[in-house]
Structure formats: structure tokens, C-alpha cells
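Some notes on the structure that comes next.
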Amino acid sequence: MAHFKPLPDAPKAAKQPLEDTRHGKTRTDDYAWLRAADWQKMFKDPAILEKGIRDHLEAENAYMKAAMADTEAFQKTLFAEMRGRIKEDDSSVPAKDGPYAYGSAFRTGGEQPYFYRIPRDGDHKDVSLRTILLDGDHEGEGKSYFDLGSFDHTTDHGRALWSYDDKGSEFYTLKVRDLESGKDLDDVLENTGGDGVWAPDGNSFFYTEVDENHRPSKVYHHIIGTGQDEDRLVYEEKDPGFFVGLGGSLLDDFIFIEIHDHQTSEVRIIATADLDATPELVAERETSVEYDLCEGGDVFYILTNEGGAKDFKIMETPVTAPQKANWREVVPHQDGRLILAHMVFARHLVWLERAGGLPRIVVRDRNSGEEHAIAFDEEAYALGLQGASEYDTDVIRFSYSSMTTPSQLFDYDMATRERTLLKTQEVPSGHDPEEYVTRRIQARAEDGELVPVSLVYRKDTPLDGTAPALLYGYGAYGITIPASFSTNCLSLVDRGFVYAIAHIRGGKDKGFAWYENGKMENKKNTFSDFIAAADALVAEGYTSYGNIVAQGGSAGGMLMGAIANMAPEKFAGIIAAVPFVDVLTTMLDDTLPLTPPEWNEWGNPIASETAYDYIASYSPYDNVAAKPYPAILALAGLTDPRVTYWEPAKWVAKLRDHTTGSEPILLRTNMDAGHGGASGRFQRLEEIALEYAFALKVAGKAEEA
């Protein structure tokens, strides 16, 4: 049971019933009025939010604050702990590119990074060698929200494109900086997707524009010194279900226009030798077929699932004739070995794959065909392939960590197979990996599938069911949650928690089929897998029912809403960050930013009665019922274009109206942020401190002020 003192009356949202009839079936939504009438404009100017809605959200914030008031001093303790584990003046190991090496760093007390460069072979630890190119703290000064987007320099190192979002609505402003003078040019582009790709001469670049419904659908070519209204439209995607992105090759020979939804992709290329050319189609989009290009001199290497290669294969094709008829297999498909990403260099082909739930990096010599792998021995770990900024190199970079091992950064010589440790993540307040245990257990799902669960806990934690646990899950879009090192979760683990990650269906943790079996008409597997993970933690003595706090965000917030309806008795509390809980209503509204692109993830309830019925059967908001819900903390962002603030606001109002229990249901809306929460690195820690204080409070382990 939660440990809350008597609270003032909770906000009670007025009921203004709105009926919606589809496929001959009528639903009534009592809280639809919480959606801003002019939400598109509000995302750009939050001040125009209707007073009645603002008053309600602020009342919810006040109630949440009152409920958590006795943890305010504890939150400061948690914040100080988490901040103490961060090296405040941390910096990246710069990547070599031509005469320079480029990196980023923070200064002590700084919220935002700064970007710098040093001479190519200079000592990156020698701060005096750094030329600061862009200072995030300076650019964000005086702004309640500021998110730096991209920073990308030209081939001749004279200019850089950089972007920012100062509202949290993900409409990015693009600017051009002269790197010699340190001043921005007059070129200012609004409503962009946040990044661009330079032409080789550095006098123009390509970028995407975001429309009023927040979909990047157009590609423009901008010439330095001209106005945005003069930019040439290069490509426009007419299907609202597809997003448009941009990429470039390491050799600067091609611009890639990448058109995709969650299961289908299409690529068009522009040879930089003729920037005015019409983009050339590589392979026409085909439902459920994905492909991605990397240039390798006179050939493209293509990562694709074409031809039934569910776990992907790698093909090659001449750059002069890239169409599908000319594709030739070079890395065959293997069931259960999911190829996640690939990179190409002058003498090597590299890819990141996942087999048996664990990642490894494979290197192939392009001349001999000889292959070797980079792998590690821990039960659960995470690998990140960073590659290199140059094409003609034998050295790539990768990162490694586990739930007990701080992140390590390596340079790897693909020819000699030598690893060079460049950096180990510092934990200033101290961290001894030997004091912790990481495990991977298997939970048996309803249909017999085995669901991996990664754990970390202190060696002295009793494994007799008395320990509280935080169980995290996501389970959507094929996203794999790595078993990586987190300094933040130590604040729970050091207080006796078992911290667990459920690798549930909907991600690609066990291959592409793992994703397919957790989407569309199989979506409920995601929810039952998570409950099975909780059951396994109890069965193996790690924790007990009523001692588990569940946590998830965005699509993982949908998971939180579903398990709250399905098995509320098994959880002491639920933390749902920017939760996608009003699934049916959102999927029925094709004006919302993500709705058309999401139909092949959840189903299209507008066109299909079957999809309507299935989504209606699990949509958390639609399935709130009279039952004793556990304590719930929901978090929202006012300008969030991905999961709009009104979804958690409506959900909390309905939960509070229906629960038969006495546990508090809390909503905190960040009135100055969007989907990602607070933008600064320490501001974000304040939000995590609130979440962890809630988890510790419901587990009876919070220190009272």
C-alpha cells in the first residue's frame, strides 16, 4: 500500500459528454474538452491555451505537489545523488575529420553542451586546444526550454548547420554559423525537422520542413544568402502516413532522401555532382519492405528485409544502377540473427547484429571476405556502433556497458583487431561494480514464449521476496531497450530495490518476429509479457506482489495504462511518463501528427472495424473500470506533439472518477516542455528525482522531510 498522508480534495474535471460513432458503435468521452481547440498554434505559442484547460492542469500540478510535499527534501537528496554521479565537465572523445577532431563537452554547472574542435592529433584533454564553435548554455540563456538539435560542419570546415527548439514542440529553427568568425549568417529557417545535409562545396544544403500537423513531408534546397521563401522544393511526400528524412554519404557523393513509416521505406538519391537533378528512385516502396543505403565507393551496400529476409540481410548494387534488379546478396539472411545497422569504409563492411538477445559487432574485409566479431561475456550488456567520420580509415569506434559496468568507449582497428580504451565513464561520487549483481532471467509468457528480464541489484539485497522492485518496460516500434549502465537507477538500487527491464514483445530484443508478435493484432502480447515478467520476479524471490513499481513512457505509458487495467493488484505503484493512453481516439484522428504513420503499428480503426474493435479492447482510457487502482503518477508535457498533454489529463480524470481504491492518482504537466520533458541535463534530473521519490514512497522507503 502507498504511504501518503491525508490529502486535500483532488481536482475534479467537469464532465462534458461528447459522442463519437464509428462502425455503428458509439463511445462517450466525458473529458474531450481538455483538448485545446487550436492545438497546432498552441504548440508554437503556449500562452494561447484556453484558461479553463490551463486552470485544470495547474490545479492538477498543485494537487501532485501537495501529495508529494513530504518528499521535497528527499527529492533534493535524490537530485544531489544523481548529480554527484555525473562528471560535470565531461567531454566526448573528439572524432577525427580532416585537419580537425570534433567533440562536445559540458562545463561545470552547465545544462547544455558546447561543441568544439581541436587539431587532428591534439590532446583532447588539453582544454586550451579547444576552439568553441557553439555554446549551448549561451544560446539557451534566459529560455525556460531549450533543446539543441543538430550540429554539422561543411566538408571544408568553414561553416556549420545547427538547430534548436525553444518550446518543446519539436519545430526546429536552423541557422548557419561561420566557424572562423563564430557568428551566425542571416540564413534562418523556421519549422524544420532539425537537421540538414550540406552540399560538398558548403554553399548550400538540403533540409526537411515540418507541416502544420507536424509531419516532415518536404525536402528543400537552400542556397546560402537567399531567403527561405526562395528555397527550391526538391521532393514532397503526399502520403500523410510517411515521414521524410535526409542523410549523406561519407564520400559526399550522394544526398539520400529517406521516406518511411514503421514498416516500409523508400530511398531517392541525388548525386552531389548535379545538385539540381531530380532525385533518383532506388526501389519503389513495397508494403513491409525496408531498405537503407550506405555508399562504398562504386557500390551501395543495402540493409534490407526484401525477399522475406525477416531478420535482414545486406546486398550490394552499383551506384550507377542502384535499382532492385541489380541487387546482389553479400551477407545472407539468418533466422534469429537480426542485423540492426551497417556502415561501410574503404576496406571494411561493418554491421551491428543481435542474436540470442545480445548484440555483437561484425567486421568483414571487403577484399578477402574474411569476417570476425567483437563480443563480450557478461550475461547482459549493451553495444553501440559509432563508426567513424572518415571513409578511408581502418579505425572505428564503439561503446560498451552493462547494468553494473560504466560505459567504455573504444577505438577498434579493423585490420589489426586491436582495441584501444579511450574513455571510461566517470562516476565522481564513486561506483564499485563488484558491489552489484546483474542477471538475466526468463519469464514464461501466457503462450509459452520466454521473455528476457535484465536485473541489477546490490549484492546485499535479500532475495526472499521482501525487496521492492522497479520494473521498466516499453515494447513498441521494434525498439530494443539495452541492458546498459544507468547512474540514476543506483539511487533505487542502493536503497534495496531490484531494478528490472522487461524485454517484452513489440521490441526487437529477440529478433524481428519479437516485434511483429507485439504489434497490430498481437499488441496484447506486450501487456501480458510485462505481467509475466512481474510474476517471474515474484516466483524467483526477487520481490513480491504489491511491492513492484511499474514504469514506462510514451508507448511504454500505454503499457502502464494497460497493466493498470489488467492486473492492478500486482503493483504498488505505476509511473507513466507522457503516456499514450487514449489510443483509439488518437488513431481515429488523422489530423494528429503521428496518426497516419502509426496505423501500421496499431491498426487503422477508421478503415477497419476489426482494428477498431481490437484497439477498443485494450486502449487504456477506454478500459478504465470500477476497480482499486494502485497509486499512479502520470507526467505530461504541454507542447508534446507526440503524446498530446490531453491524453494523460483525460486518463487521470477518468481513473480518479472510477477507482474504488484510496490510492492517489497524480498528474504533473510540465508547462514549459514537450515529449522529452525538461531540456537541461540537470533539469531532467529533477523530474527523475520526482519519479524515484514516488517509487520509494509507495514502497515505504522514502525519507520524510
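We did not get these values from a lab; they are worked out from the coordinates using the rules stated. The structure presented is a predicted model; accordingly, all values stated were derived computationally and were not measured. Note that we place each Cβ from the backbone using ideal geometry, even for glycine, and neighbour counts take in every protein chain shown.
Annotations for the structure displayed:
- Under 5 Å, built H, 5+ apart or other chain: amide partners of LEU667: MET64, ALA634
- Label corresponding to Kirkwood radius over Cα pairs in Å when calculated from the structure given, among (1) 26.7; (2) 28.0; (3) 30.9: (1)
- Electrostatic dipole magnitude of the chain [Cβ: Lys, Arg +1; Asp, Glu -1; Cα centre; debye, to 20]: 2120 debye
- Using the Karplus relation 6.51 cos²θ - 1.76 cosθ + 1.60 with θ = phi - 60°, the per-residue 3J(HN,Hα) values for the range 459-471 come to 4, 8, 6, x, 9, 10, x, 8, 6, x, 9, 10, 10 Hz, with x marking Gly and Pro.
- Residues PHE512, PHE682 arranged by fewest to most Cβ contacts within 10 Å: PHE682, PHE512
- Straight-line cross-link partners of LYS41 among the lysines, defined as a Cα under 17 Å from its Cα and at least 8 positions apart when in the same chain: LYS51, LYS167.
- Taken one residue at a time, the phi angles of the range 503-513 give Karplus couplings (6.51, -1.76, 1.60, θ = phi - 60°) of 8, 7, 5, x, x, 10, 4, 10, x, 5, 5 Hz. Gly and Pro are set to x.
- Distances between placed amide hydrogens fall under 5 Å for GLY248 paired with PHE256, all partners being 5 or more residues away or on another chain.
- Pairwise label distance in nanometres, ASP45 with GLN323, each label 7 Å out on the Cα-Cβ vector: 5.1 nm
- Full-extension gain in nm, ARG120 to GLU190, via 0.36 nm per residue minus C-alpha separation: 21.8 nm
- Amide proton proximity set for ASN191, modelled H, under 5 Å, gap of 5+: TYR172
- Greater than 30 Å apart at Cα, pairs in LYS44/LYS508; LYS524/LYS650; LYS423/LYS570: LYS44/LYS508; LYS423/LYS570
- Burial order of peptide ranges 408-421, 559-572 (average beta-carbon count within 10 Å, highest first): 559-572, 408-421
- Taking a straight line from the alpha carbon of LYS654, these aspartates and glutamates sit under 14 Å away, with near neighbours fewer than eight places off in the same chain left out: ASP29, ASP30, GLU60, ASP582, ASP622.
- Euclidean distance between Cα centres, the range 304-363 to the range 132-206, Å: 33 Å
- Distance between the modelled labels on THR424 and ALA95, one decimal in nanometres: 2.5 nm (7 Å Cα→Cβ projection).
- Taking the centroid of alpha carbons for each part, the range 100-126 and the range 561-587 are 42 Å apart.
- Within the range 462-539: Cβ-based charge dipole about Cα centre, in debye rounded to nearest 20 (Lys, Arg +1; Asp, Glu -1): 240 debye
- Average Cα contact separation per residue, the chain, under 8 Å, 6 or more apart, as relative contact order %: 12 percent
- Farthest towards the positive end of the charge dipole of the range 530-618, among the residues PRO568, LEU584, ALA616, is the Cα of PRO568, using unit charges on the Cβ of Lys, Arg, Asp and Glu.
- Report summary: the helix-based calculation at 222 nm, which adds -39500 (n - 2.57) for every DSSP H run with n ≥ 4 and divides by the residues of the chain, gives -5500 deg cm²/dmol.
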